[in-house]
Every structure is written in structure tokens, then in C-alpha cells.
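Engineer: Below you'll find the structure I mean.
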């Protein structure tokens with residue numbers, strides 16, 4: 001009972017640390033936003049002629065941030081396109097090995113323990129796995145490595 005309460009206390013402490021971190025980050029973001037709004041309000045109230053300059057600066061800054069975000073999204077999409085066939089081939093390889101193992105185990109129990117036949121599906125799966133993985137990888141690639149939007 002004491003160990004269970006200790007484990008519960010430990011996980012509650014970890015949860016509180018994570019919750020406090022999330023709340024702290026939220027308050028920090030809110031504070032930055034309030035500070036930015038206060039600065040803009042002070043600039044706009046101080047000098048009416050600099051309003052256009054401030055608004056131009058804000059538009060340029062927002063456009064620059066949007067361009068950076070678009071570049072990051074494009075790079076992550078390109079990375080996903082490159083890694084998808086590799087992941088599909090790896091999963092196919094593992095799937096064929098596991099399938100051969102399961103067939104071998106089921107034959108082992110069906111035919112009895114002194115039979116050599118259950119090893120055949122297992123060794124066959126080791127031979128077939130690279131072939132199946134290569135076929136899946138090849139089917140996942142674009143035709144002639146063309147860009148999917150083309």
C-alpha cells in the first residue's frame with residue numbers, strides 16, 4: 001500500500017510539473033502579446049504621422065513570418081515525401097518476416113514438434129521479405145521521381 005501511494009505521489013508530482021510548465025508558457029505568451037499591444041498603442045498615440053510607418057513595419061514583419069512558416073512547411077512536406085517509401089518498405093519487410101514466423105509457428109503446432117516443415121515458411125519469409133520490401137518501396141515512389149504536384 002505504501003509503495004502504491006509513493007508511485008501515485010511521484011506521478012502526481014510529474015503531472016504538476018508538466019501542468020505548471022504549460023501554464024507558465026501560456027502566461028509568457030500572453031505577457032508578450034500584451035507588451036506588444038501596449039507598445040503599439042503608445043506609438044500610435046504619441047505621433048499621428050508615424051502611424052503609416054508602424055503599420056508598414058507590422059505588415060512587413062507579418063509577411064516575413066508567413067514566408068518563414070511556408071518554407072518550414074514545404075521542407076517538412078518534402079521530408080515526408082522522401083521518407084514515406086522507406087517507411088513503407090521497412091514495414092513490409094517486418095510484416096513478411098512476422099508473417100512467415102506466424103505461419104511457421106502455426107504449422108509447428110499443427111504438424112507436431114518433430115516436423116521440419118515449419119522452418120520452410122520462416123526461411124521463405126527471410127528470402128521474400130527483401131523482395132516484397134523493394135516492390136513496396138518502388139510502388140511508393142513517384143513515377144520518374146516527378147514532383148507530386150506536377
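Engineer: Out of curiosity, is residue 99 at pLDDT 80 or above, closer than 30 Å to residue 126 by Cα and surrounded by 10 or more Cβ atoms within 10 Å (Cβ to Cβ)? First the steps, then the outcome.
Structural biologist: Numbers: at pLDDT 80 or above: yes; closer than 30 Å to residue 126 by Cα: yes; surrounded by 10 or more Cβ atoms within 10 Å (Cβ to Cβ): yes.
Yes, satisfied.
Engineer: Exactly one condition in (1) under 26 Å from residue 86 (Cβ atoms); (2) surrounded by 13 or more Cβ atoms within 10 Å (Cβ to Cβ); (3) at pLDDT below 75 is false for residue 118; which is it?
Structural biologist: Just one mismatch for residue 118, condition (1).
Engineer: Taking residue 67 as the residue in question, decide whether it is part of a helix (DSSP H, G or I), modelled with pLDDT of 80 or more and closer than 30 Å to residue 130 by Cα.
Structural biologist: On the way: part of a helix (DSSP H, G or I): yes; modelled with pLDDT of 80 or more: yes; closer than 30 Å to residue 130 by Cα: no.
The answer is no for residue 67.
The values are calculated or read from the model by the stated rules, or taken from the named source; none is laboratory data. Fair warning: this is a prediction, and the values are worked out from it, not measured in the lab. Virtual Cβ from ideal backbone geometry, glycine too; neighbours counted across all protein chains shown.
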